[in-house]
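Here's the structure we're looking at; comments come further down.
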Amino acid sequence: MVVAPKIRGFICTTAHPEGCAKHVAEQIAVVKSRGSIANGPKKVLVLGSSTGYGLASRIAAAFGSSAATVGVFFERASEGDRTATAGWYNSAAFEREAAAAGLYARSFNGDAFSDDMKSQVIAAIKQDLGQVDCVIYSLASPRRTHPKSGEVLKSVLKPIGESYTNKNLNTGNGVVNEITIDPAIEDEIAQTVAVMGGEDWEMWMEALASANALAPGVQTLAYSYIGPVLTWPIYKNGTIGQAKLDLERAQKALDQKLASLGGKAWISVNKALVTQASSAIPVVPLYISLLYKIMKAGGSHEECIEQMDRLFRDRLSSGNPQPDDAGRIRLDDWEMAENVQDLISQRWAAVNTENFAELADFAGYQANFLKLFGFALDGVDYSADVNVAISVPSIP
Ligand code: NAD
């Protein structure tokens, strides 16, 4: 069938299998073009490995340091005329490329928050790899069923304490308007922390450690974001920011626990980029559109894959991760550079619907959004019939 994008708000309900495969191939090519990563991890578990930063992490580890990878994600296979989700096609393409390169890759589709998924994945690691030397925690989810209480917890993107009004982009039509978001109530803050905070990361590490599935010197990383003051009410000081604070608490606790193995837990603060998760955050898409224009003009723009390549190559494997005062790896260093942020502040004050095209990289934003779902990739014939029933080789 011919597959076209069907966009509903900040989600696209279709995905193009060949476009997703091309997107994965392009990311692999970026890593390969930079040569192999010396001292990179060799056996890597990636939680949230099908899209965004998790997929890029899996690609950088596999194609940068020839790592065996186990990936966990929550995606949907195709059903009749309904396409699979992009993460499904990405994972299918990743596994095919890994097999062609002689790399071990195994994937699990289901709820990473559950005890059952942890057991299945750890059994596979024990059987196939023995242990892992790197665990990437890159889940982004709107909800979590707590494995002990059974409670369904929901995360919200809201300010705390008072309502927040700022400029906002309608990503469908490029109109710059204003948005006001009411503050979260206590329970919403607690639930967001329970979904996006550190408890599940700790549960994974605990389960892996009890099964003796962590190799000496193991490194584990979870991803965070800080961003500029203008987004702080909705991000750093909002509900999601509280969850990220909890992630930092978990990092410190894990760091202590891993010391006996000579291991290390890290928070990596990454750059703001168009992903399925970030498209859903109010205000952020306008910021990203302005940021892309400035960073592209300055030659410092990166996508997820360049960020994750830099993480593995220049920080984790170089022996010089360059932590900040709080011990975090900062891959947002180029985003937060003074000259970039000065320009952001000026353009943020000035931006409106009329000058948006000139001040921001909306075309770049939209192309990146479409690419998340396998559209807008060069060299893919979108008018041709494609088989949407693609399997992920390691998933029965
Ligand atoms: P994403 O939406 O692209 O990826 C989320 C991943 O989580 C997918 O693989 C999805 O399948 C998986 N997932 C979700 N729920 C799951 C579940 N219950 N079980 C198993 N897998 C599940 O998101 P992303 O933007 O790459 O975010 C990953 C991390 O990076 C998050 O912690 C996010 O806060 C952080 N981060 C993102 C940005 C950004 O701008 N996008 C910047 C800095 C940090």
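What to note about this one:
- Only one of ALA98, ALA92, ALA84 that is closer than 25 Å to ALA215 by Cβ, surrounded by 21 or more Cβ atoms within 10 Å (Cβ to Cβ) and of a type outside the set (Ser, Thr, Tyr): ALA98
- Enumeration of residues in segment 218-235 that are within 18 Å of the chain's Cα centre (by Cα), open to solvent by less than 10 Å² (accessible area, probe 1.4 Å) and over 21 Å from SER289 (Cα atoms): THR220, LEU221, ALA222
- Among the residues examined, ALA209 qualifies as modelled with pLDDT of 95 or more, more than 18 Å from ASP246 (Cβ to Cβ) and open to solvent by 20 Å² or more (accessible area, probe 1.4 Å).
- Some residue of segment 264-279 being free of Cβ contacts under 8 Å to residues at least 24 places away in the same chain and over 30 Å from CYS12 (Cα atoms): no
- Search result, residues across segment 236-269 that are open to solvent by 20 Å² or more (accessible area, probe 1.4 Å) and in a loop (DSSP other than H, G, I, E, B): LYS236, ASN237, GLY262
- Helices (runs of 4 or more DSSP H) wholly inside segment 304-396 that include at least 2 residues being more than 16 Å from the ligand (Cβ to nearest atom), open to solvent by 40 Å² or more (accessible area, probe 1.4 Å) and touching a residue at least 12 places away in the same chain (Cβ under 8 Å): 338-350
- Check on VAL121, touching a Phe, Trp or Tyr at 6+ places or on another chain (Cβ under 6 Å) and either hydrophobic (A, V, I, L, M, F, W, C) or modelled with pLDDT under 95 (or both): yes
- The set of residues in segment 166-184 that are in a loop (DSSP other than H, G, I, E, B) and either surrounded by 15 or more Cβ atoms within 10 Å (Cβ to Cβ) or among the small types (Gly, Ala, Ser) (or both) comprises THR171, GLY172, GLY174, PRO183, ALA184.
- All positions within segment 136-165 that are surrounded by fewer than 16 Cβ atoms within 10 Å (Cβ to Cβ), hydroxyl-bearing (Ser, Thr, Tyr) and within 15 Å of the ligand (Cβ to nearest atom): THR145
- ILE288 vs. criteria open to solvent by less than 10 Å² (accessible area, probe 1.4 Å), in contact (Cβ under 8 Å) with a residue 24 or more places away in the chain, in a loop (DSSP other than H, G, I, E, B) and over 19 Å from ASP324 (Cβ atoms): no
- Selection over segment 229-263 of residues that are more than 24 Å from LEU316 (Cα to Cα), away from the ligand (no atom under 12 Å from the Cβ) and touching a residue at least 12 places away in the same chain (Cβ under 8 Å) gives a count of 7.
- Residue in segment 18-34 that is in a loop (DSSP other than H, G, I, E, B) and either among the hydrophobic types (A, V, I, L, M, F, W, C) or buried (at least 24 other Cβ atoms within 10 Å of the Cβ) (or both) present: no
- Total residues in segment 207-227, condition of a type in the set (Ser, Thr, Tyr), within 16 Å of the ligand (Cβ to nearest atom) and outside any loop (DSSP other than H, G, I, E, B): 3
- Residue match in segment 112-127 (condition: small (Gly, Ala, Ser) and open to solvent by less than 20 Å² (accessible area, probe 1.4 Å)): yes
- Matching option when the condition is in contact (Cβ under 8 Å) with a residue 40 or more places away in the chain, among the basic types (Lys, Arg), touching a strand residue (DSSP E or B) at 6+ places or on another chain (Cβ under 9 Å) and more than 21 Å from ILE395 (Cβ to Cβ), among LYS42, LYS22: LYS42
The values are calculated or read from the model by the stated rules, or taken from the named source; none is laboratory data. Quick caveat: nothing in here was measured; it's all calculated off a predicted structure. Cβ atoms come from the backbone with ideal geometry, glycine included; neighbour counts cover every protein chain shown. Accessible surface is based on the protein model in full, side chains and every heavy atom, while ligands, DNA and RNA are left aside. Shrake-Rupley method; radii C 1.70, N 1.55, O 1.52, S 1.80 Å.
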